[in-house]
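Enquirer: For reference, the structure I am asking about is given below.
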Amino acid sequence: MTVGPKRNALTWAMTVALSAGLSWAAVVSMDVEQLAVSADRIVIGDVVSVVSYRDKDTNLIMSRVVIDVSDDLKGRGDDRLTLELWGGSVDGVTLRTSVTPTFFEGDHVLLFLEGPDNRLVGEFQGAYLTDGNLAVQMHGGFQRFIPQSIHPLRLLIDKIRGALPRGQVPGPISPYEGDFTLDGEGGVAFVLLPCDWTWQANPMGEVYRINANCVDGGCGTAQQQIDAINPGADTWN
């Protein structure tokens, strides 16, 4: 998974200047339930095109992101939608803002959108990357995503369903069969998931045995090895 173009001094300078100069550089924190309620449309889809250009009024770099929608979780609309976002790369110059996520062609995304112009709800908070199994919230600037936010996609969908009125609850989503993955350069696959098995007494249902035959004297006797392993197994979740 590509995390974004290489940074340089000019890029950093433009990022800092833009973040400091725009009134919406600070965002109000929103959880998934708030995003779901505020959104006019929630979609899952694939980024099929990202084209950067200079805005004719401000001369700042913007990007036109085109997404093919595979699932509507809330609201309805065209099967292809377009986002116009600050940031991108034009003629060797890259612009990033602290509140705008960076999309690349091939990304598989879940988006919370509002308004006829498909604005992201809560700026970067309304954009998630997903590989069909996991989902992680995107971020602005050069931070492609927030590793600590990773969740199984089904839990994210459950939160969305729980926040919506009964008549708006989405049905099953389409299985993802594309190539996008979350276990690439970002190392997301190695972040601890917010799951445990402490809700039941014997979750694995497995009988296990300890072969206490370590010959290292520092490990103690066979019984001491067993006594060290069992408490760890009891407390691990």
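The values are calculated or read from the model by the stated rules, or taken from the named source; none is laboratory data. In this text, all values refer to a predicted model and were calculated from it rather than measured experimentally. All Cβ positions, even for glycine, are placed from backbone atoms using ideal geometry, and neighbour counts span all protein chains on display. With ligands, DNA and RNA removed, areas are computed over all heavy atoms of the protein, side chains included. Shrake-Rupley method; radii C 1.70, N 1.55, O 1.52, S 1.80 Å.
Enquirer: Sort His139, His108 by accessible area with a 1.4 Å probe, largest first.
Expert: His139, His108
Enquirer: Right, next: Order 75-87, 117-129, 47-59, 30-42 from most to least packed using the mean count of other Cβ atoms within 10 Å.
Expert: 117-129, 30-42, 75-87, 47-59
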